[in-house]
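For reference, the structure discussed in these notes is given below.
We did not get these values from a lab; they are worked out from the coordinates using the rules stated. The shown structure was predicted, so the numbers you read here are calculated from the model rather than taken from an experiment. When we count neighbours, we look across all protein chains shown, and the Cβ atoms used for this are built from the backbone with ideal geometry, even at glycine.
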Amino acid sequence: MSERTLSVCTIMQDEEESIVWYLACCRKLHADLGDRLREIVLVDGGSIDRTLDVVDERRGDLPVIVVERQFDCVRDQWNFGLDHCTGEWIFGPDADFTWTSNLAAVFDAGVYDTSDY
């Protein structure tokens, strides 16, 4: 099994409903990767709904890091989030994005790694 480490980084704002499903996917990924999932960095751009409350209610033992930065542009939000990532690889889904339950297996298989090509 690979010893690669992964960070998940997402920008969000007013994602009260969709962040529930996003965190459910993170929970499965964390169960499969364990400590190799270094952190889940959520960059909040100034949510005015219950997004941050929902994250707090559902984070449990997930390695969630919430950082706040007033939204000005997508690029700067992403770069701010990336500064908080420590994994060798970074997965950057949108906050309203869910992914396949076998993501950890795909990550471990290294099918995305083209460094040998």
Worksheet entry | Rg/Rg_ref, the range 32-117, where Rg_ref = 2.2 N^0.38 Å and atoms are Cα | 1.22
Practice prompt. For the range 30-117, give the magnitude of the charge dipole about the Cα centre (Cβ charges: +1 Lys/Arg, -1 Asp/Glu; no others), in debye to the nearest 20.
Written response: 20 debye
Practice prompt. State the extension gain, in nm to one decimal, for the chain segment bounded by THR86 and VAL67, taking 0.36 nm per residue of separation less the distance between their alpha-carbons.
Written response: 5.4 nm
Item to complete: Per DSSP H run of at least 4 residues, take -39500 (n - 2.57); add these up for the chain, divide by its residues and hand me the 222 nm value, nearest 500 deg cm²/dmol.
Response: -10000 deg cm²/dmol
Item to complete: Note down the nm distance, to one decimal, between modelled labels 7 Å out along Cα→Cβ at TRP21 and at ARG75.
Response: 3.1 nm
Worksheet item: Nearest 0.05, what FRET efficiency do ARG4 and ASP53 give at R0 = 30 Å with Cβ-Cβ as r?
Response: 0.35
Response to the item:
The farthest towards the positive end of the charge dipole of the range 5-80, of the residues PHE71, GLN13, CYS26, given +1 on Cβ of Lys and Arg and -1 on Cβ of Asp and Glu, is CYS26
Fill in: Relative contact order (percent, whole number), the chain, Cα cutoff 8 Å, 6+ residue spacing
41 percent
Worksheet item: So, in Å, what gap is there between the alpha-carbon centers of the range 43-117 and the range 1-36?
Response: 7 Å
Item to complete: Put one equal scatterer on each alpha carbon of the range 1-58, apply the Debye formula with no solvent term, and list log10 I(q)/I(0) at q = 0.16, 0.17, 0.21, 0.27 1/Å to two decimals.
Response: -0.52, -0.57, -0.80, -1.12
